[in-house]
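Here's the structure, in C-alpha cells; my notes come after.
Since every read-out is calculated from the coordinates, none of them should be taken as a lab result. Keep in mind it's a predicted model, so treat the numbers as computed, not measured. All Cβ positions, glycine included, derive from the backbone under ideal geometry; neighbour counts span all protein chains shown.
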Amino acid sequence: MSNPLVSIIMGSDSDLPVMEAAAEMLKEFKVPFEITVVSAHRTPDRLVEFSKEAHKRGVKVIIAGAGGAAHLPGMVASISPLPVIGVPVKSSNSIDGWDSILSILQMPGGIPVATVALNGAKNAGILAAEILSVGDDELQQRLINYKEDLKNAVLEKAKKVESRN
C-alpha cells in the first residue's frame with residue numbers, strides 16, 4: 001500500500017497467519033499499511049535500518065509480532081522514535097507463548113512497548129488505528145462506528161439468549 005502509516009513486521013513468515021489479523025483491521029479502518037519480515041536474530045542489520053528509517057518514510061506506528069525469545073518489538077522500540085505495539089506469537093518453539101509474552105511485556109524503563117494478548121494481532125491493529133485517530137476525525141468516527149457495531153452485536157446476542165426463557 002502506498003504511503004503506509006502503519007508498518008506490520010514479524011520475526012518470521014510463520015507468524016503471518018497471526019499477524020494478518022492486524023492487517024485486516026487496518027483495512028477495515030482504511031489505514032494504509034505495509035507488512036514484511038524483519039528478524040531480530042537472523043537479520044539484525046535489517047532491523048536497525050528499518051527501525052532508524054520507518055519514521056522518515058512516514059510510518060507513524062509499528063506493530064511487531066514475534067514468537068519464542070521475541071526480541072523484535074523491544075529492539076525496534078529501542079531504536080525507533082515511533083510507538084511500537086508488540087504482539088506475542090505462540091510459535092512452534094514457544095513455551096506455551098509465555099516466553100514471548102514476557103519478552104515483550106517486561107521492557108526496561110525508557111523503552112516502552114504496548115503489548116497485546118498472545119496472538120492478539122487484531123487488537124494491535126485496532127490500537128494502531130486508535131493511536132492514529134487522535135489526529136484524524138474521519139478515522140476516529142470509523143472507530144466509533146466499529147465500537148457501536150460491537151455493542152449492537154452483543155445486544156442482539158443477549159436478546160437471543162434471553163428469549164430462550
Could you tell me the calculated FRET efficiency between Asn93 and Glu24, based on Cβ-Cβ distance and R0 = 22 angstrom, to the nearest 0.05? 0.25
Of Ala66, Leu143, Val31, which is farthest on the positive side of the dipole of the chain, counting Cα position, with +1 on Lys and Arg Cβ, -1 on Asp and Glu Cβ, and the Cα centre as origin? Leu143
Which length gain, in nm to one decimal place, applies between Gln140 and Gln106 when the Cα-Cα distance is subtracted from 0.36 nm times their residue separation? 9.2 nm
For 65-73, 35-43, ranked highest to lowest by mean beta-carbon neighbours within 10 Å, the order is 65-73, 35-43
Just tell me which lysines come within less than 25 Å, Cα to Cα, of Lys151; anything on the same chain fewer than 8 places away is out. Lys27, Lys30, Lys122, Lys159, Lys160
Residue-wise HN-Hα coupling along the stretch 75-81, computed from phi with Karplus coefficients 6.51, -1.76, 1.60 (Hz; x: Gly, Pro): 5, 4, 4, 6, 10, 7, x
Label model pair Glu148, Lys160: point-to-point distance (7 angstrom along the Cα→beta-carbon line) in nm is 2.3
Descending principal axes extents, the chain, alpha-carbon based, whole Å: 60, 38, 30
